[in-house]
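Report on the structure given below.
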Amino acid sequence: MPDSRVARGTRGLPLLAGSSFLLIGWAGLLVPSMVRSIEGSFAVSDAVLGAYYLVYSLAYAGGSILGGMLTERVGRRSVLGAAGILLGTGLAVEGVFGAWLVFTLGGAVQGLGAGAIDGGGNGLFLDLFPADRSRPLLLLHLMFSIGALVAPASIGALLGGGLAWQHVLVATAAAAIVVGLLFLVVPAPSGRRIASRAVVRDAGRAGGPAAAPADPAPGRPRRSPIALPLALLAAAIAFYVASEVGVSNWLVRYLAAVPLGVATGALSLFWAGLALGRLVSARVAHVLDPIRFTAAAAVAVTLAVTAAVAVPSVEASIALFAVAGFASGPIYPMIVAIAGERYPARAAAVAGLLGAAAVLGSVLYPPVMGLISVTLGLAPAMLGAGVLALGAAGSVAWVGRLGRPRQTAEAMAG
């Protein structure tokens, strides 16, 4: 939790963080939105492009984990500033150089920067809003959803108007570097672990509720920072993201029987539902039990996706996928909020771990859907995406059954 002097100087920080999430939501949809132009320019196949997506995703996961670890050592401003510059550098490399191998390398650099912003932004909000984490996190992730929502149509209009796809990448790179430079100069909670330990010690001297030793007593084994609730929350976020990305990546292909404009419109409705779900949840989440609310939303995703696959009407199916998007909206930020409540002294590391788990979910199941499609059909693959959301519900509910930790600060200080 930031001290009062830092808090007074950080009024513009939530806006900057929201802008960075809008940026990574937009940037993450750049290549998928320009895929036809990019494949044509480099003369590469879908399989080669799939390898690019894998490299990007793995780099994103690495950036999320490394960003959290480095934040605890060198501070949040340095990490978020470097992340924005890395994101911009990767995008610039992709837009300037004409060799596919270099383009893929640029994607890896872009993924590192975007992952560090994702994990770092979540950790930042956990520190900035210790009393009410759910609503701010929902609004933060709403910005990501808006970026992802507007990217396909906007990029399509720009390219249709004659703008080269390389110029879109370079313009986005410039915006990312500006965001990175702003993070370097705007005051922010440090996120350094030594500062967290000092807070625990000071609270202990004052007789406050966080009175717990920063380090175990001599000869006492150090507690593992990866406690069972955190492992369950990591599993929940991996299950959820596997479900969300699976539906998002394959929805247009699933609706192959309808015109392309209708299929892409259905994908836009899914993301619009997701954004609306986060906006509505931001108004009500603070009065609801976070465990029950998140688990119920995940169950609703399972029901909506299952019904969307089962109904014979295309119109009803599209509407149900939009409902699935609406139910999906609060799940990711609420899982982060639950983790932040349980492990407030390790916000940066926890956010980085959850971000990496999310990317793991996006890497593991969506590609498998292609294999299921060529053997059993895409409908069973879509049903699998719905079932994965049920796994997220079960993992979150399990966390609730474990009860609240009695000494959160001590459990994470070791």
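For the chain, modelled as a GNM whose springs connect Cα atoms under 10 angstrom apart, the maximal fluctuation among Thr89, Thr294, Thr264 occurs at Thr264. Across the chain, Cα pairs under 8 Å and at least six residues apart give a relative contact order of 26 percent.
So which helices of the chain fit the span-like rule, where a helix is a whole DSSP H run, its Cα atoms reach 15 Å or more along the axis, and its mean Kyte-Doolittle is at least 1.6?
165-185, 290-310, 314-328, 347-375
For the stretch 228-413, the relative contact order is 42 percent, taking Cα pairs closer than 8 Å that sit 6 or more residues apart in sequence and dividing their mean separation by the residue count. Within the shell of other residues whose beta carbon sits under 14 angstrom from the beta carbon of Gly28, the net charge comes to -3, with Lys and Arg scored +1 and Asp and Glu -1. Among Ile38, Ile291, a tally of other beta-carbon atoms within 10 Å of each Cβ gives an order, fewest to most, of Ile291, Ile38.
Among Val299, Val35, the order by Cβ neighbours within 10 angstrom, fewest to most, reads Val35, Val299. Each residue, Ala157 and Leu228, gets one label point 7 Å from its Cα in the Cβ direction; the gap between the two is 5.3 nm.
May I ask you to derive the FRET efficiency for Ala257 and Ala310 from their Cβ-Cβ distance with R0 = 22 Å, giving the value to the nearest 0.05? Write out the running numbers ahead of the final one.
On the way: r = 16 Å, r/R0 = 0.73.
Calculated value: 0.85.
With K and R counted +1 and D and E -1, the other residues having a Cβ less than 10 Å from that of Ile331 yield a net charge of 0. Comparing Ala256, Ala295, Ala174, which has the greatest mean-square fluctuation in the GNM of the chain with Cα pairs linked when under 10 Å apart? In the Gaussian network model the winner is Ala256. Residue separation of Ala174 and Val368 scaled by 0.36 nm, minus their Cα-Cα distance, works out to 66.3 nm of gained length.
Residues considered: Val96, Val247, Val396. Largest GNM mean-square fluctuation over the chain, using C-alpha springs under 10 Å, is found at Val96.
Counting only Cβ charges, +1 for Lys and Arg and -1 for Asp and Glu, the dipole size of the chain around its Cα centre is about 1420 debye.
All of the numbers you see were taken from the coordinates with simple rules; none came from a lab. Note that the structure is predicted; figures quoted are calculated from it, not measured. Don't worry about glycine lacking a Cβ; one is built from the backbone with ideal geometry, like all the others, and counts go over all protein chains shown.
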